[in-house]
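Undergrad: The structure that follows is given in the form of C-alpha cells.
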Amino acid sequence: MVRPKSRRLGWLWLLAVAVSGWASGRFYIHIVRPGESLREVAELYGVSVEDLLGANGMDEGSVLLPGQRLKVPLSKAPGLPRWAKRDSIPLLARPGRGAPRVDILRRGELVFFLGEKREGFAKVKTVKGKEGWVEALSLSDKPPSPAPKRQVRYVIDGPARLRKGPGFEHGVIALIPEGAAVRLLGVRGQWAEVVSPGGKVGWVHRKLLGDSPLSAKRGSSRFVTVRRGPARLREGPGTKHRILGLLPVGARVEVVGKSGSWVKVRAPDGKVGWVAGWLVGPSKSPYKGGEELGRKIVALAMRYLGVRYRRGGATSRGMDCSGLVYRVFSLLGRSVPHRSSALYRLGRPVSK
C-alpha cells in the first residue's frame with residue numbers, strides 16, 4: 001500500500017518529468033491576443049519569425065486571429081520561458097540581495113528558468129546568454145499583456161475648449177488650436193478625455209476631434225486663399241522639390257494635407273501639390289456677392305449654350321458641367337475647383 005506522502009512525491013516526480021520533457025523538446029503554446037503580429041510573438045519568445053512560421057505550417061502572408069493557438073518552437077531553449085513582472089529587476093551573480101549585479105531586467109523581458117531555486121531566488125538565462133539569479137516572485141510564467149497602443153486624435157474644429165469635466169457646465173482649462181494632436185485617454189458619452197499638447201488633462205467634445213489633422217468638418221470643406229504670390233506649387237513639402245506651377249494671389253485652393261509649415265492643396269485646375277503655409281490664409285466662400293453677382297454668373301454661363309460636351313474640358317472648344325462652373329467663375333476672378341465632388345462640398349445648401 002502506497003502512503004499518502006509517497007503518493008504525493010510520486011505525482012511530483014511525474015510532473016517534473018513532464019515539464020522537463022516539454023522544456024527540452026518541442027513547443028510552447030501561445031494564445032494570440034488582439035493586435036499581435038508574428039514578429040511580436042517571435043520577439044516575445046526570442047525565436048525567429050521563420051522558425052515560428054515553420055512550426056505552424058504558415059507563410060509570411062498568414063494573418064493571426066485573436067484566440068489562435070500558436071506553437072512556439074523552444075527545442076533550443078535552455079529552460080522554461082519566464083517574463084519579468086516589473087522594471088529594474090537585478091540579475092545577480094548568486095542568490096542573495098547583496099550579491100554583485102550582472103544585468104538589469106526590463107518589464108516583460110524574456111528569460112529562461114534553468115530549474116534551480118535557492119533562498120527564494122531562481123537561476124535564469126537571458127536571451128543574450130547571461131546567467132544569474134533573480135527573485136522568483138519577480139518572474140511570471142505568462143507573457144506580459146501587450147502595451148496599449150497610443151491613441152492620437154486631432155482637433156478639427158478649433159480652438160477646442162479643454163474642460164475640467166465631461167460637460168459644458170465644467171470650467172475651461174485651456175484652448176487647443178485647430179490641427180493640434182491630443183492623446184486620447186477615454187470616452188464618456190459625447191466627451192473624450194485627452195491630454196493636451198501642453199500636458200494638461202481634461203475633456204473635449206468628441207465632434208471637435210478627428211482621426212487626422214485634416215478630417216473634414218460636417219457640411220463644409222477646407223479652403224485657403226493665396227495671400228502672397230505668385231505662390232509656387234511644388235511636388236513635396238519643401239523648397240528642394242520641383243515646381244509644378246504658380247498660383248496667383250487670390251487663388252482659392254482646397255487643403256488636402258499638411259506637413260509642418262507646408263500645406264498640400266488642390267489647385268483650381270485639379271493639380272495637387274504643396275505650398276508654403278505663410279503664403280496662404282483663411283478663405284471666404286466664393287458664393288458671397290449678392291444678386292448682382294448671381295446675374296453676372298448666369299449671363300456668362302448663357303454665352304456657352306451650344307458648346308459641345310467634352311469630359312474634363314473648360315474652354316469654348318468643349319467642356320463638362322464642372323468645367324462650365326470653373327470657366328465662368330474664373331472669368332469673374334473667382335477661383336473654384338474643377339471637380340464636381342469638390343464643388344458639392346463647396347456649395348451652400350438651399351431649400352427647394
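Undergrad: Quickly run through the range 191-228 and pick out the residues that are more than 14 Å from G273 (Cβ to Cβ), touching a Pro at 6+ places or on another chain (Cβ under 8 Å) and at pLDDT below 85. Lay out the reasoning, then the answer.
TA: So the first thing to find is which residues in the range 191-228 are more than 14 Å from G273 (Cβ to Cβ), and the list is 191-223, 225, 227-228.
When the remaining residues are screened for being touching a Pro at 6+ places or on another chain (Cβ under 8 Å), the result is 191, 193, 203, 219, 225.
Answer for the range 191-228, where residues must be more than 14 Å from G273 (Cβ to Cβ), touching a Pro at 6+ places or on another chain (Cβ under 8 Å) and at pLDDT below 85: G219, T225.
Undergrad: Let me ask you something else. Here's a check for you: in the range 27-83, which residue that is surrounded by 14 or more Cβ atoms within 10 Å (Cβ to Cβ) and among the basic types (K, R) is modelled with the highest pLDDT?
TA: Applying the filter and picking the extreme gives R82.
Undergrad: Quick one: how many residues across the range 241-270 are under 28 Å from the mean Cα position of the chain (by Cα) and of a type in the set (D, E, K, R)?
TA: Step one: list which residues in the range 241-270 are under 28 Å from the mean Cα position of the chain (by Cα), which gives 241, 253-266.
Add one more test, that the residue is of a type in the set (D, E, K, R), and what stays is 254, 258, 264, 266.
Total meeting the criteria: 4.
Undergrad: Please find, among G273, G323, G277, G281, the residue that is surrounded by 11 or more Cβ atoms within 10 Å (Cβ to Cβ), touching a Lys or Arg at 6+ places or on another chain (Cβ under 6 Å), at pLDDT 80 or above and not charged (D, E, K, R). Quick ask: steps written out before the conclusion?
TA: On the way: G323 fails: touching a Lys or Arg at 6+ places or on another chain (Cβ under 6 Å); G277 fails: touching a Lys or Arg at 6+ places or on another chain (Cβ under 6 Å); G281 fails: at pLDDT 80 or above.
The unique qualifying residue is G273.
This table checks each residue for (1) free of Cβ contacts under 8 Å to residues at least 40 places away in the same chain; (2) crowded, with 19+ Cβ neighbours inside 10 Å; (3) farther than 22 Å from E43 by Cα.
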site	(1), (2), (3)
L92	no, yes, yes
P95	yes, yes, yes
K117	yes, no, yes
V134	no, yes, no
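Undergrad: Can you work out which of the residues in the range 140-177 that are acidic (D, E) and surrounded by fewer than 14 Cβ atoms within 10 Å (Cβ to Cβ) is modelled with the lowest pLDDT? It would help to see each step written out before you state the result.
TA: Within the range 140-177, the first condition is being acidic (D, E), and the residues that meet it are 141, 157, 169.
Now narrow it down to the ones that are surrounded by fewer than 14 Cβ atoms within 10 Å (Cβ to Cβ): 141, 169.
On the way: D141: 80, E169: 86.
Among those that are acidic (D, E) and surrounded by fewer than 14 Cβ atoms within 10 Å (Cβ to Cβ), it is D141.
Undergrad: Follow-up. Is it fair to say G115 is modelled with pLDDT under 85 and on the phi > 0 side of the Ramachandran plot?
TA: yes
The values are calculated or read from the model by the stated rules, or taken from the named source; none is laboratory data. From a predicted model like this one, the values you see are computed outputs, not experimental measurements. Please note: Cβ atoms are built from the backbone with ideal geometry, for glycine as well, and neighbour counts cover all protein chains shown.
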